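Since the structure comes first, as structure tokens, the remarks are kept for the end.
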Amino acid sequence: MRIPISTDEPLPQPDGPFVLVCPTYADGEGRGAVPKQVIHFLNDPVRREHLVGVIGTGNRNFGATYALSGRIIAEKCKVPLLYTFELAGTSTDVTRVRTGLETLGRELCSTTP
Ligand SMILES: Cc1cc2nc3c(=O)[nH]c(=O)nc-3n(C[C@H](O)[C@H](O)[C@H](O)COP(=O)(O)O)c2cc1C
């Protein structure tokens, strides 16, 4: 599911556990790191209840604010920051994320009553 860029479009409503992958678009000081649409998406308690982890993305050229959105969401929503990657990620990142999500999915299935 994708959170749409346009605020006119409806937001997705996951009906089970999900991991949020979030880019970072901050100013030089780290303000605005979490996109407004994502804040809006997470303002819903049911969505937050289903959130099991976050993956932050960004660009290491931004230094201290690298992938900051992931760290902010992890802290605010009390979920683990599962991974971070730059831009669209390398093929290694893609493999790690796919494998990690599959493992997490299996673990959730085996622990959910
Ligand atoms: C205006 C702007 C601000 C950005 N600020 C940050 C930042 O603070 N930290 C960071 O890690 N990346 C920053 N980035 C880089 C983006 O997070 C990076 O390009 C990411 O790949 C964007 O995701 P997308 O490719 O899905 O659009 C910024 C990019 C733009 C255009």
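Derivation of every value follows stated rules applied to the coordinates shown; laboratory data play no part. Not measured: the values here are computed from a predicted model. All Cβ positions, glycine included, derive from the backbone under ideal geometry; neighbour counts span all protein chains shown.
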Evaluation of GLY16 against (1) under 16 Å from the mean Cα position of the chain (by Cα); (2) within 9 Å of the ligand (Cβ to nearest atom); (3) of a type in the set (Gly, Ala, Ser) (one fails), failing number: (2)
Members of the range 64-94 that are without any contact (Cβ under 8 Å) to a residue 24 or more places away in the chain and of a type in the set (S, T, N, Q): THR90, SER91, THR92
Selection within the range 1-24 - loosely packed, with under 14 Cβ neighbours inside 10 Å and in contact with a Pro (Cβ under 9 Å, 6 or more places away or on another chain): MET1, ARG2, PRO4, ILE5, PRO10, PRO12
Which numbered condition ARG31 fails, given (1) farther than 25 Å from GLU107 by Cβ; (2) part of a helix (DSSP H, G or I); (3) of a type in the set (D, E, K, R): (2)
Top-ranked residue of the range 24-47 - restricted to ones that are within 14 Å of the chain's Cα centre (by Cα) and among the charged types (D, E, K, R), ranked as farthest from the ligand (Cβ to nearest atom): ARG47
Residue that is nearest to PRO17 (Cα to Cα) [pool: residues in the range 34-56 that are assigned to a helix (DSSP H, G or I) and in contact with a strand residue (DSSP E or B) (Cβ under 6 Å, 6 or more places away or on another chain)]: HIS50
Members of the range 64-113 that are part of a loop (DSSP other than H, G, I, E, B) and of a type in the set (Ser, Thr, Tyr): TYR66, THR90, THR112
